[in-house]
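Trainee: Handing you this structure, nothing more for now.
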Amino acid sequence: MSNIFKTTLLLTAMTLLLMLAGRAFGGQSGMLMALAFAGVMNFVAYFFSDKIALATYRAQPVSRDDLPRVYNIVERLSQKVGLPMPKVYLIPNDSPNAFATGRNPNHASVAVTQGILGLLNDDELEGVIAHELGHVRNRDILISSIAATLAGAITYLGHIARWGMIFGGYGGDRDSRRGGGIGALLMIILAPFAAMLIQLAVSRSREYGADDTGAHWTGNPYALASALAKIDAYAQQRPLVASPSTAHLFIIQPFLGGMSFGSLFSTHPPTAKRIERLTGRPAEFTQ
């Protein structure tokens, strides 16, 4: 299934979900309000999902002068494989991680955390950046970024519904208030599962694909395997606390703070399996 088709399906599903919720909360008028809201949300998700993801982690744009080590690697790899030069961002966090975002290769960004710079050597860092550029080339970044925005939106709506403050929670006739109460209850129950389904629109296989692409571009799968092992081990000691709606963006699954069922939101294959695929040997031999 192509990422373009998956993106269209995801946006359509979000629209239908909001319209059903609007009808439950406020009848015909609620459904029309939901349709208008869905239109705005889909527009924002398509054109601004990358900016939302970057802002979530306080990522700051950097130039060659600011961060020459990372900038030069991104520039060299981009030229090598014929990709437009992405924007480069630094996340002020000590936990090692990285992600790519944007709606297409012409509007792509690569973000790395402060923590990854001191942990990895140049070959390992190149492997990580090649992996992220692999997501750009494979056009994973659009569906990933939109999924993050929509998952965050539906989870937020679930929180609003918990307080009965959406579509008919106040005012209206007795039937609409009853419907709003039922709809709010349904949203409280279904919002986490809807967010989970949106997360599952982002296939785990995309990480394997980006690993393969990145290793092919650098010609050094062992460097990426070593980077994955280091990041996975160190991130457990200094976890990057992420929301479930954006966790899938990172190269290694970050810590889902406060999630009692966080494993349901896991979108990454086990790191040991990724290492074994890259090297053809059990993960312990790469440590």
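The values are calculated or read from the model by the stated rules, or taken from the named source; none is laboratory data. Owing to the predicted nature of the structure, the values given are computational and were not obtained by experimental measurement. Neighbour counts are summed over all protein chains in view; Cβ atoms, including those assigned to glycine, are modelled from backbone coordinates with ideal geometry.
Trainee: Considering only residues that are part of a helix (DSSP H, G or I), out of contact with any strand residue (DSSP E or B) (no Cβ under 7 Å at 6 or more places or on another chain) and charged (D, E, K, R), look in the stretch 116-144 and name the one that is nearest to Pro244 (Cα to Cα).
Mentor: Arg137
Trainee: OK, next. Could you list, in sequence order, all residues of the stretch 203-250 that are modelled with pLDDT of 95 or more and not in a helix (DSSP H, G or I)?
Mentor: Gly219, Asn220 - these are the residues of the stretch 203-250 that are modelled with pLDDT of 95 or more and not in a helix (DSSP H, G or I).
Trainee: Specify which of the listed residues (Val136, Val128) is over 28 Å from Leu11 (Cα atoms), in contact (Cβ under 8 Å) with a residue 24 or more places away in the chain and β-branched (Val, Ile, Thr).
Mentor: Going through Val136, Val128 in turn, just one is over 28 Å from Leu11 (Cα atoms), in contact (Cβ under 8 Å) with a residue 24 or more places away in the chain and β-branched (Val, Ile, Thr): Val128.
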